[in-house]
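Only one structure is covered here, and it is reproduced in the block below.
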Amino acid sequence: MKINNQNYETYFLSYIDNELSADEKKEVELFIKEDSKYATELAILSNTVLEPISIEYEDKALLYRYEELEASLPKTFKQNLYRREAPIVKGFFTNTRMRSISAVAAIFLLLVGYKFISNKTELINNTIVATNQGARESLAKVQVSNTFATNTLNAKKLNIFTNSNNLSGRLVNTSSKAEVTIAMPTNALSEPTLPLATSLYQQDQHIKDLVALSDINTIENADKAVSALASYEPSSVKEAKAEAAEDFDNINTDNPDRVVYIANLEIDGDKLRGFTRRVSALLKRNKTEKEKEK
Amino acid sequence: MTDQDFNNCVDNYSDGVYRFIVKNIGHEADAQDIVQTAFEKLWINRLKVEPEKVKSYLFTVAYNQMIDHIRKDKKDITTDNFEEVNKQTSYQSSSELKQILLRAINELNPTQKSLVLLKDYEGYSYQEIGEIMGLSESQVKVYLHRARLILKGKLIHLEKMSA
């Protein structure tokens, strides 16, 4: 491609940029010789080229590097130095709120435990009361039955008395017969009375014995039997009372030397109080320290 | 590349890289930082960079750093700034024409300015400039020719003004 008045500028620019081959350069030089106008044009374009200037970078020393100063450890050794932070296991009681909750829970359990111990005596007392109530009910039944028996016996006494009166009349006539006839109504009295008593208290061996022992063949013996029945207290009531008297003394809460039992642990009252005092003092101190830190 | 080779590169190329940058951004301290970064990267990659491409590698890194710097700081290189640098370094040409040319170059955009500086100061070919600036050879040619024509127009205008 030849230089002409259309493309000369591109050639000139490439010429001043030193991007033309030796032949192309010669061509350009011939072209400008032919017309001085183009020579001026090339001169103007040549003025756009900056003259190389010298600027020194002063801090070269900062850029220098020396291998011996670049001492580095082998990769395997570096790997030995690696440390991985162990994951932090968050404890159950690390949280302040959890601590206070667990403290409250512990106090609650302590109170419940103490309450349970104090309630145990009350429970037994209640049981005794309940047993006594049951016994009283049974006793009331006995008394009712006794009343019935007494009434029956009174009626029989009346009959005996009447019979005796009748017999006394007869006795005047035949004394030998009189003994037999007196014996008769007495036997007649004892026969219906004994089964009645036994049938009423057959569940209680004591009553049975009592009735059996009392030879109710006279009016006096019958009265004794009735009074014995009236004053009878069932054995279950006796046993419950005895048990309560033996095992469960009332706890004197005013006694400073009392011993508190929690499950199988024996805790001295004073020591427990001292322990709780220390714990509360410790908690208070921690709290004040935290407040100071804040 | 040994440390000796690297230090030779420092001696041979640091001035050119610094001149290219300081003429572009007109700020000496920033230019020094960019040069330092460029040589730091060369040291890190000294085993990867081929010895014959060290110079263009340094200019490429420095040019990219400069573009980042211009984008970040958005510093407009004013005429005063440029002139100040020239005065400080006392390499200014005595000719009035050169003064006018420096002022005209300062009015070019960073790409055109870089093209002119790389061509005139460093004597790089279109191809090499393209590698440094991430442009094709034909792009470099077109852009550089356009920059030259702008400079020519400015020179004629400023000469008329001064005359």
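None of the figures in this text is laboratory data; all of them are computed from the coordinates on show. No experiment lies behind these values; they were computed from the predicted model shown. Using ideal geometry, Cβ is built from the backbone for each residue, glycine included, and neighbour counts are taken over all protein chains shown.
Structure above, values below:
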{"quantity": "B:K160/B:S136 FRET efficiency (R0 25 Å; Cβ-Cβ; nearest 0.05)", "calculated": "0.10"}
{"quantity": "FRET efficiency, A:N18 to A:N80 (Cβ-Cβ, R0 56 Å, nearest 0.05)", "calculated": "0.45"}
{"quantity": "Shielding score for A:61-69, defined as the mean number of other chain Cβ atoms within 10 Å", "calculated": "6"}
{"quantity": "Förster-model FRET efficiency, 30 Å R0, A:F275 and A:I88, C-beta, rounded to 0.05", "calculated": "0.40"}
{"quantity": "Peptide ranges A:46-55, B:46-55, B:118-127 listed from the most packed, as the mean C-beta count within 10 angstrom indicates", "calculated": "B:118-127, A:46-55, B:46-55"}
{"quantity": "Segment A:S102-A:S72, length gained on full extension (0.36 nm per residue, minus Cα span)", "calculated": "5.4 nm"}
{"quantity": "Residue-averaged beta-carbon neighbours from other chains (10 angstrom radius) around B:27-39", "calculated": "2"}
{"quantity": "Rounded to whole Å, sorted largest first: equivalent-ellipsoid semi-axes of region A:1-49, Cα gyration tensor", "calculated": "14, 14, 9"}
{"quantity": "Per-residue ³J(HN,Hα) for region B:5-20, Karplus 6.51 cos²θ - 1.76 cosθ + 1.60, θ = phi - 60°, Hz, x for Gly and Pro", "calculated": "4, 4, 5, 5, 4, 4, 5, 7, 10, 4, 4, x, 5, 5, 4, 4"}
{"quantity": "Proximal charge balance of B:R148 [Cβ under 11 Å; K/R count +1, D/E count -1]", "calculated": "+2"}
{"quantity": "Spin-label model distance (nm) - A:K287 vs B:N12, 7 Å beyond Cα toward Cβ", "calculated": "7.9 nm"}
{"quantity": "Convex hull (Cα only) mean projected area of region B:93-163, reported in nm² to one decimal", "calculated": "4.6 nm²"}
{"quantity": "Number of partner chain Cβ atoms within 10 Å, mean per residue of A:42-50", "calculated": "6"}
{"quantity": "Of B:K55/B:K152; B:K48/B:K141; A:K37/B:K160, those spanning more than 28 Å from alpha-carbon to alpha-carbon", "calculated": "B:K55/B:K152; B:K48/B:K141"}
